[in-house]
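One structure is given below, encoded as structure tokens.
The values are calculated or read from the model by the stated rules, or taken from the named source; none is laboratory data. What you see is a predicted model; the values in this text were computed from it and never measured. Cβ: placed from backbone, ideal geometry, glycine included. Neighbour counts: every protein chain shown.
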Amino acid sequence: MAITAISKRDRLEPYLVRGVVVMAPRDASQEELESRYRQAVAEIKAERFRKLFGQARIPRKFEVATWEMFDENDPAVKAARKWAEGAGKPFLFLQGPVGTGKTTLGTVAFKERLQRELKPGLWREFMALILELQAGFQTGQYERLLEGVADAPILFLDDVGMAKATPWRQEVLFVLVNRRYNDGLPTIFTTNLTLPAFARTWGEPIMSRLHEAAELVHMAGKDLRRQMGGRRGGSR
Ligand SMILES: Nc1ncnc2c1ncn2[C@@H]1O[C@H](COP(=O)(O)OP(=O)(O)OP(=O)(O)O)[C@@H](O)[C@H]1O
Ligand SMILES: [Mg+2]
């Protein structure tokens, strides 16, 4: 095997460019340093995003969803994009019948916001969170768990309203909504309850805050799951 000697020019040295360590040849030009700096920053951001993405606990089914799946002229998609860009109201409330793509669209927006802001984000299904909190009573982790979700820099709360409302669950949702309302923290909610049913079930204090702080978006249409599982080969 031929061995190529490493020339002096190929030997890289560390430079500190605006607080970032950049490896470049000894006689690197200003442009070369700039370009290597941009590359290093892009790599640092990509690595941070990968880490945050893993920590958010997005279910596998929705991890792969992208904007390409949606019609960019759809008002719900426009609202989701606006939220993802950090423009407009802090909350995005996606409401509509079963299987209309709320979780999918919300997750795409959540991922985009995570990538843009590179802040920790949590993806939680509301009922699963309730069970986790309940278990926290036994383990003494209740407060810590609730605070962690209430203060998460970015939060996706899926399927609020699927759980049967009890006074304690209403209180948990109120704490989450109120804290995030007070602090203007970016949050997505999805539910298949209508707005009046949501207000009746979860209480006017929550609904009132959502009216102010949330972009209330209705997702209409047929159940996409039924369409996907529908007729195949004309045998059914
Ligand atoms: N734009 C889309 N293109 C193709 N498939 C989609 C699209 N949006 C959603 N789906 C698929 O449709 C199904 C239902 O989507 P999703 O789970 O997001 O709906 P949902 O409104 O959250 O339903 P539910 O109210 O039951 O929670 C899923 O299998 C999802 O992968
Ligand atoms: Mg859903």
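Remarks
- Of all residues assigned to the range 55-71, at least one qualifies as being touching a residue at least 60 places away in the same chain (Cβ under 8 Å), touching a Leu at 6+ places or on another chain (Cβ under 9 Å) and surrounded by fewer than 14 Cβ atoms within 10 Å (Cβ to Cβ).
- Subset of the range 177-214 (residues that are touching a residue at least 60 places away in the same chain (Cβ under 8 Å), more than 16 Å from ligand 1 (Cβ to nearest atom) and of a type in the set (Val, Ile, Thr)): Thr187
- Only one of Phe174, Phe198 that is assigned to a helix (DSSP H, G or I), touching a Ser or Thr at 6+ places or on another chain (Cβ under 8 Å) and more than 29 Å from Gly54 (Cβ to Cβ): Phe198
- Checking each residue in the range 89-117 for being more than 16 Å from ligand 2 (Cβ to nearest atom) and either hydroxyl-bearing (Ser, Thr, Tyr) or under 15 Å from Phe189 (Cβ atoms) (or both) picks out Lys89, Pro90, Phe91, Arg113.
- Residues that are among the basic types (Lys, Arg) and either part of a helix (DSSP H, G or I) or within 12 Å of ligand 1 (Cβ to nearest atom) (or both), drawn from the range 65-122: Lys78, Arg81, Lys82, Lys102, Lys111, Arg113, Arg116
- Residue in the range 162-176 that is farthest from ligand 2 (Cβ to nearest atom), counting only those that are more than 24 Å from Pro97 (Cβ to Cβ) and surrounded by fewer than 19 Cβ atoms within 10 Å (Cβ to Cβ): Pro167
- So Asp159, is it at pLDDT 95 or above and either surrounded by fewer than 11 Cβ atoms within 10 Å (Cβ to Cβ) or within 16 Å of ligand 2 (Cβ to nearest atom) (or both): yes
- Yes/no for Leu12 being surrounded by fewer than 11 Cβ atoms within 10 Å (Cβ to Cβ) and modelled with pLDDT under 95: no
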